[in-house]
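Notes to accompany the following structure.
The values are calculated or read from the model by the stated rules, or taken from the named source; none is laboratory data. Everything quoted here is computed from the prediction, not taken from an experiment. Here Cβ is always computed from backbone atoms with ideal geometry, including for glycine, and neighbour counts include all displayed protein chains.
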Amino acid sequence: MKKALVLALMIFGMSSLAKAQTVITDESMTHDGTTVTVSFNIDTDVKGIPSRRKEVIMPYIYNGKDTLWMDVVEVYGKGRYKRERQENHINGDKDWELADNQTLKGDIYVYEDQVPLKRWMKSANLSIKRQLVGCACEKDQDDENIAEGVALFEEPQMPARRTPAYALNEVGKTWDFGQDELEIIFKVSKIEIDSTVFNNEVTFGKILAAVDKIFSNPNYKMNKIEVAGYASPEGPPAFNTWLGENRAKALINYIIEQRPQYGLTMDDFEIVNGDENWAGLRRVVAASDIEEKDQVLAIIDNEGIPSERKKLQIEAINYGWVWKKMLTEIYPHLRSARYLAVYYDSTDDKAVDIINEANALIDEGKYAEAYDHVKPVSDDMRAFNTVGVALMMQGQFEEAMPWFEKALEGNCPTAQQNIDAINAEYAYEAEQRAAIEEYLSKYE
């Protein structure tokens, strides 16, 4: 009976030792943008640690599967401290004393440790693992959370998409006859019209038919006719500008001479552009089968060099063979006077009123309403820029860009401004995104 009682007492004592622990108070987990500071107080004598034992306290931060262990603390019973000191003295370490992360039972130990701030610490938990060392029951105890759901890292958000400045044009009455179909092509360095080359005779017929259509309709009153003159970028810029303007004038004089019954004068026409046709060159080169076209396009797109330097660089590709091929296959199509559009007043053109009403809604900041208002006439080329602006101002850049590109093809003078505005916002967003990625990379 006496032996059984002693055994029962020993089992009870071992159970008590397994549960012996310190008490954590005043826990704190903060950060300064780069490091996380964890602090708490350890009351080492609330429940007590047996004299011959020590308790190892192991703090760690975790979130899901991500874990970061911190410095451990060892709390010694007095007997345990004396034993380890004796062992170290015997082993030659006669100066052995408790380290900074070790303390004797009975003290209030102030714990503080710093670790790098990590991106995964968006919702971090602070927990400790305890282990009682020096008894037959030695094993890890259940983990104990002492702080839960602390937000240490906040993911930076992309700045809200900025609203770019838009450009609208007051839409007039216009009759478009397809600018790409109505080109009068000129010989090299010439401004004289020749109806026998480059299918010019057929084009003349279309142009005159377009003018006749306006003047034969009693509901139309002609306001102006726009004509653009171009020169291929293969000679001096000043000469090419002169060529472009005078080629446009040659076409204007031709129309006046062929239709004297309408009493047209030079004042009824407006010349646009008149410069070297770099945009046209890029378009034709991109659609060509020239093997070196990527090199040519890169030179054309380089805004950091003047046009004369671009010509020299293109001439130097493949010992001049590319330049020679362009002279024979590409440049002839760029020596043109292009009939663009006739602007007129009409009593039955309702689309223009709808487009201008949508423009007014845009100016009032009613972008969604403007889009709905102009949608019924969105197949009218005059509406392309307005549709694009209504989408752009709602932040729908990807949807707006094709409308501006179609408007630009239709000679809308403001479409390029809107394209540039969107591209500027894309560049800004890319810059912001790169800055955020660089910032986040520090916390991986």
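Got at least one residue in the stretch 399-420 being within 16 Å of the chain's Cα centre (by Cα), in contact (Cβ under 8 Å) with a residue 60 or more places away in the chain and surrounded by 13 or more Cβ atoms within 10 Å (Cβ to Cβ)?
Checking the stretch 399-420: not a single residue is within 16 Å of the chain's Cα centre (by Cα), in contact (Cβ under 8 Å) with a residue 60 or more places away in the chain and surrounded by 13 or more Cβ atoms within 10 Å (Cβ to Cβ).
Could you tell me whether residue 75 is without any contact (Cβ under 8 Å) to a residue 60 or more places away in the chain and either in contact with a helix residue (DSSP H, G or I) (Cβ under 6 Å, 6 or more places away or on another chain) or of a type in the set (A, V, I, L, M, F, W, C) (or both)?
Yes.
Here are some residues: 301, 268, 289, 294. Which one is modelled with pLDDT of 80 or more and touching a strand residue (DSSP E or B) at 6+ places or on another chain (Cβ under 7 Å)?
Result of the check over 301, 268, 289, 294: 268.
Among strands (runs of 3 or more DSSP E) lying entirely in the stretch 144-252, which contain 2 or more residues that are small (Gly, Ala, Ser) and modelled with pLDDT of 80 or more?
144-150
Name the pairs: first residue in the stretch 426-439 and over 16 Å from residue 396 (Cα atoms), second residue outside any helix (DSSP H, G or I), Cβ to Cβ under 8 Å, at least 6 apart or on different chains?
432/158; 432/159; 433/158; 436/156; 436/158; 439/156
Give the residue that is modelled with the lowest pLDDT, with candidates limited to residues of the stretch 304-328 that are surrounded by 12 or more Cβ atoms within 10 Å (Cβ to Cβ) and under 31 Å from the mean Cα position of the chain (by Cα).
Among those that are surrounded by 12 or more Cβ atoms within 10 Å (Cβ to Cβ) and under 31 Å from the mean Cα position of the chain (by Cα), it is 307.
Might you let me know whether the stretch 48-62 holds any residue that is outside any loop (DSSP other than H, G, I, E, B), surrounded by 12 or more Cβ atoms within 10 Å (Cβ to Cβ), at pLDDT 90 or above and among the basic types (Lys, Arg)?
no
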